[in-house]
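Read the structure below first, then the notes.
The values are calculated or read from the model by the stated rules, or taken from the named source; none is laboratory data. Predicted model, so just to flag it, every value in this text is computed and none were measured. In this analysis, Cβ positions are derived from the backbone assuming ideal geometry, glycine residues included, and neighbour counts consider all displayed protein chains.
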Amino acid sequence: MHSVILKNDAVGDLVHSLPAIGNVIYSKKNTKVTIFLSERSDKFSFLIKNPNVEIKIINYNLRLVEKLNLLIYLFKNKIDNVYILSPKNFYFFLPLFFRKIRFYALCVDNINNYKRPNSFLRKFLFKFVINHREKNFKRESTKSIQEKLTLSDNISALNIDYTKILDKSAKILKYLPSNYVYFHFKNERFKTLNWKLDELKILLNELSYHYQNVVFTKDHFKDENNTIFKDIYNSYDFHTDKFLNKNKNITFLDNIEGFDLFNVIAHSKKVVAFHGMMTNLASLFKKPVLDLFHFNIKNWSSYRNARNFFYEFKPNYKNYDFIIPKKNFPKTLKKMKFSFKV
């Protein structure tokens with residue numbers, strides 16, 4: 001048996017699909033599984049590494065040549081099942097051309113009777129679940145409904161132990177402090193909230209007051225902040241293998257990605273970050289988290305979207321805290337302190 005999973009999304013979205021992907025991989029021992037991931041998730045493919053799994057990398061936004069290559073792949077190979085876990089419009093036309101393949105899909109219903117795919121195309125799906133974004137009440141997370149989509153009658157829900165794949169690199173062993181809180185700096189969010197470098201310094205100092213050490217990272221692109229952080233704090237650059245010691249209990253990790261980043265998050269005492277990849281990775285270990293759910297709420301429609309996003313993506317376990325940060329930084333910091341270790 002050969003199954004294909006279409007999951008060319010960001011890392012955070014991949015994390016929410018891991019239980020569903022695990023259901024497909026482990027439901028039958030002799031199943032070959034080909035998983036199409038995006039370039040954004042390439043360095044985290046180790047999360048689904050398995051002897052019967054083949055990984056193929058395609059763009060997050062499909063190009064014409066990739067659409068044609070996917071059609072050719074499905075034509076040339078004997079595929080039994082296709083799981084559409086990234087609800088991109090193009091994928092929902094595939095069942096029209098491949099009637100012998102069973103298609104399982106995550107569909108979307110939204111306000112104003114928006115449906116992806118439409119009711120006609122859903123008739124060609126073997127099985128589907130719906131992410132009800134049009135609903136006003138609390139609903140199931142996208143993680144939960146994807147599990148239902150892929151859960152076979154003869155297996156129980158999987159509980160994968162991700163600690164088994166942890167392995168600190170020599171670089172981490174040498175320079176990573178012990179007993180640390182992890183923070184991820186997202187410049188775009190700071191700009192939206194009108195927070196400056198001074199606010200970041202205050203936040204890092206507050207964390208260093210509550211924890212023995214602070215480790216922080218930033219988005220993976222070069223800007224003036226890379227130099228600023230290295231001038232102020234301890235820093236280690238994973239590309240140049242250069243460590244700068246400022247005799248601080250705050251350390252900036254530059255150019256860290258993939259497995260090393262995964263390990264830094266996994267071994268932290270707590271994770272503080274804007275909602276996204278870091279908070280989602282932390283949830284794999286039920287790590288204590290302070291999730292900064294930022295929403296730009298201007299009217300009823302944006303409030304509704306924010307609430308739906310919250311229901312759809314917020315992990316649910318003990319010690320997973322969240323706040324909605326505001327432009328008033330002192331007020332936001334005061335709220336954050338309730339989640340910090342005393």
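Where the second residue is modelled with pLDDT under 95 and the first is assigned to a loop (DSSP other than H, G, I, E, B) and lies in the stretch 123-135, which pairs have Cβ atoms under 7 Å and are six or more apart or on separate chains?
Arg133/Val108; Arg133/Asp109; Arg133/Asn110; Arg133/Asn308; Glu134/Asp109; Glu134/Asn110; Glu134/Ile111
Hey, could you check the stretch 247-292 for residues that are of a type in the set (Lys, Arg) and in contact (Cβ under 8 Å) with a residue 60 or more places away in the chain and say which is surrounded by the most Cβ atoms within 10 Å (Cβ to Cβ)?
Selected residue: Lys270.
Any residue that is of a type in the set (D, E, K, R), touching a residue at least 12 places away in the same chain (Cβ under 8 Å) and surrounded by fewer than 21 Cβ atoms within 10 Å (Cβ to Cβ) - is there at least one of those in the stretch 322-333?
yes
Taking the options Lys7, Lys49, Lys43, name whichever one is within 22 Å of Lys78 (Cβ to Cβ) and not aromatic (Phe, Trp, Tyr).
Among Lys7, Lys49, Lys43, only Lys7 is within 22 Å of Lys78 (Cβ to Cβ) and not aromatic (Phe, Trp, Tyr).
Tell me which of these Ser17 doesn't satisfy, since it passes every other one: (1) assigned to a loop (DSSP other than H, G, I, E, B); (2) modelled with pLDDT of 90 or more.
(1)
Find the residue count for the stretch 95-122, including only residues that are among the aliphatic types (A, V, I, L, M) and either without any contact (Cβ under 8 Å) to a residue 24 or more places away in the chain or loosely packed, with under 13 Cβ neighbours inside 10 Å (or both).
Result for the stretch 95-122: 1.
I'm checking my understanding of the structure. Among residues of the stretch 32-87 that are among the aliphatic types (A, V, I, L, M), in contact with an Asp or Glu (Cβ under 9 Å, 6 or more places away or on another chain) and in contact (Cβ under 8 Å) with a residue 40 or more places away in the chain, which one is farthest from Met278 (Cα to Cα)?
Ile58
Could you tell me which of the residues Asp291, Asp260 is part of a strand (DSSP E or B) and under 26 Å from Glu39 (Cβ atoms)?
The conditions single out Asp291.
I'd like the residue in the stretch 319-342 that is assigned to a loop (DSSP other than H, G, I, E, B) and among the hydrophobic types (A, V, I, L, M, F, W, C) and, out of all such residues, is nearest to Lys287 (Cα to Cα).
Among those residues, the one meeting the criterion is Phe340.
Provide a single number: the residues in the stretch 266-278 that are within 25 Å of Ala170 (Cα to Cα) and within 13 Å of the chain's Cα centre (by Cα).
Count: 2.
From the list Asn30, Asn69, Asn50, pick out the single residue that is outside any helix (DSSP H, G or I) and farther than 22 Å from Phe285 by Cα.
Asn30
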